[in-house]
Amino acid sequence: LAPHRRTFEIDSDQKKGNTLSEQFLAALQKISISRSIWVFFAGRIVGRAHPLNEEKSQERLQCLQKSVCSKVALDNGIKTQSRVHPSPGSARTLVWALPLTASCNMVTEESDHPHHPEEEKTPTQEKDSNLLARTDSSEILIQSSMDDIFDVIKSGELSEVENLVEKLGPEALSARDKHGYTPAHWAALDGNVEMMRYLVERNAPVDLPCLGTQGPRPIHWACRKGHAAVVQVLLQAGVAVNAADFKGLTPLMTACMYGRTATAAYLLGMGAQNHLTDINGDTALHWAAYKGHADLIRLLMYSGVDLQKTDNFGSTPLHLACLSGNLQCVKILCEKRNLELEPRDKNGKTPMMLAQSHRNSEVVKLLHNEMKKKSRWMPPISEIWGMLFGGAGASKGPLILFLVSVLLWGYPMYMIRCIPITWNVLRRSHYCFIYWNAVMWISWIIANRRDPGYIPLNSDTYYRAIKQIPYFDKWKKRNVILSRLCHSCRCLRPLRAKHCRICNRCVSYFDHHCPFIYNCVGLRNRMWFLLFVLSIAINCSFTIYFACYCVMIEGFSLLYVLGLLEAFVFCGLGWILTCTSILHACMNLTTNEMFNYKRYPYLRDKRGRYQNPFSRGPALNLFEFFVCLPDRQDEQDYILDENL
């Protein structure tokens, strides 16, 4: 036995012996001493105390050695960590190795939440000395025959479990293994739905916490691995949807901790409360923000969670998002106008300070820009700046440039310089020019004001699909339902629809977001967009023709040169957009699908090559485009009503 120093604390009342040697052994166990020296002296004392019963003394010594070895093995299974919290920025790490067992298939993970140095551990990580303090030795040292039930459950063979239960009796399903876990824990971790249903039918305990320091229940393990079907079975068996472990973690928090968006959505649909906190005051949003799960943050935001709620250390979700350095999470949180950007935790740290201390330069830049927008004297200036030079799609600069160029430059030049010179000579051309200008403005107004095909918010199909997330295994052949859930709009997107990040809505037949009409191009306004860009191209062509005729008569001037340059730019852009729109209409594809076809399974065959299942020939495709009809081959939403 190699020397290894540990402190053993054993209740003297439970270990008090009747003889002098047993009392001396209990006293030695309270002293921090080298294990090898302790066992050596203990053996000597036991031997001297029983000179006439060597066999009994040897048995006691062997039991003592086994106890020490088991303690050391348990202690070596995890690494110790210190409980320090000077600030949210000083994240404490706990690294624990998870063996690749056939039952749980876990991998090595790392937890470094600043308020939770001890995350929910897997079975091999819960083996610590506190296990002995929480349970009697009779519950841990179960019979070897009972150990077989856990091996069989880990194998996943239901028939073998049934045969073994017939031999051992139903009490075998209520046993705990040597680490304090029930059969329901292992069935939940493996995602074995049939096994869990069998346990429920046999009235086995499916809601007991394990006996370690964390105390997770089977539903927590199912949420950790994203087994929504197991979660459904447990909820139907009467397990509380907000059941907490010893650390106060609910199933929703566990799902948010490990990025299980579908499971979290299912829990919210089943009534999980998003405002509950763990023992450190962290909500599910705190966990999602710290772990960097942007989809979960958006899901929780639309479920009505409080973005300003602080934990026991004064940290808001924005603090933890900046601490983790996830730019997308910080962006989503900053989308709320009333969000306070400079709250201070109990250590006086702001989100900006945490991002700077961890050298998250992109997060610092984002926060700096957001603070400028929300400063007292900057809102009018920042709004104008953002309107003109904002991010891609969000800026109204192209729209304003178009209106100014036409109304304040193009039309005055046409009325003052062009008409007096060319009206009598090019009268028919002027009639065509006026006609296409009328078409341009009518199509622009309709394309700008018309609903492009927004999917209704809070649709019934979304909530029906949420309840059917546990049945996703039955949908894998279709491979469309779960990926089409939009948690921002709370809708089930039809095929070929997409969520526009500028409009923040899902659009049917999403083509693109056009800055010149400041609207999305979709099913209901795509025809008017095509007429708009076509009329721009034709009008700019007429403008170039008129300008060249004026130059031939009056000669070059600065006004004509500037007008020609502007006309060439808009003419080229108009014809490019017109040609691409007509091409996509003939192919029955959208611009989004054309450029991102690799992302959509329905545009690839079994070998991964491009295919277009919607094309029915150019003539029918154009008819469908201008009449704004949905595809004949568009899939209908498939809802498993019989499983509700």
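Checking every residue in region 589-604 against the condition of being of a type in the set (A, V, I, L, M), out of contact with any Leu (no Cβ under 6 Å at 6 or more places or on another chain), in contact (Cβ under 8 Å) with a residue 60 or more places away in the chain and more than 22 Å from TYR454 (Cα to Cα) gives zero matches. Among residues that are of a type in the set (A, V, I, L, M) and either more than 30 Å from PHE546 (Cα to Cα) or at pLDDT 90 or above (or both), LEU366 is included.
Any residue that is part of a helix (DSSP H, G or I) and assigned by TED's automatic domain parsing to the domain that holds ASN312 - is there at least one of those in region 266-285?
yes
Can you run down the residue pairs with Cβ atoms below 7 Å, 6 or more apart or on separate chains, where the first is in region 427-444 and under 19 Å from ALA567 (Cβ atoms) and assigned by TED's automatic domain parsing to the domain that holds ILE538 and the partner is in a helix (DSSP H, G or I) and of a type in the set (Val, Ile, Thr)? From region 427-444, the pairs are TRP436/ILE538; MET440/ILE536. From the set of residues in region 420-431 that are part of a helix (DSSP H, G or I) and of a type in the set (S, T, N, Q), which is nearest to ALA547 (Cα to Cα)? This residue is THR422. The residues on offer are LEU235, LEU199, LEU211, LEU173, and the sole one that is modelled with pLDDT under 90, outside the structural domain of ASN280 (by TED's automatic domain parsing) and not in a loop (DSSP other than H, G, I, E, B) is LEU173. Consider region 432-461. How many of its residues are surrounded by fewer than 15 Cβ atoms within 10 Å (Cβ to Cβ) and within 18 Å of ALA547 (Cβ to Cβ)? The qualifying residues number 2.
Rundown of residues vs (1) touching a residue at least 60 places away in the same chain (Cβ under 8 Å); (2) touching a helix residue (DSSP H, G or I) at 6+ places or on another chain (Cβ under 9 Å); (3) of a type outside the set (A, V, I, L, M); (4) not assigned by TED's automatic domain parsing to the domain that holds TRP423, yes/no style:
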site: THR543; (1), (2), (3), (4): yes, yes, yes, no
site: ALA547; (1), (2), (3), (4): yes, yes, no, no
site: VAL551; (1), (2), (3), (4): no, yes, no, no
site: GLU554; (1), (2), (3), (4): yes, yes, yes, no
site: LEU573; (1), (2), (3), (4): no, yes, no, no
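Among the criteria (1) in contact with a Leu (Cβ under 8 Å, 6 or more places away or on another chain); (2) modelled with pLDDT of 90 or more; (3) crowded, with 20+ Cβ neighbours inside 10 Å, the one LEU299 does not fulfil is (2).
The values are calculated or read from the model by the stated rules, or taken from the named source; none is laboratory data. Here the structure is a predicted model, which is why all the values come from computation and not from measurement. Neighbour counts run over all protein chains shown; Cβ positions are idealised from the backbone, glycine included.
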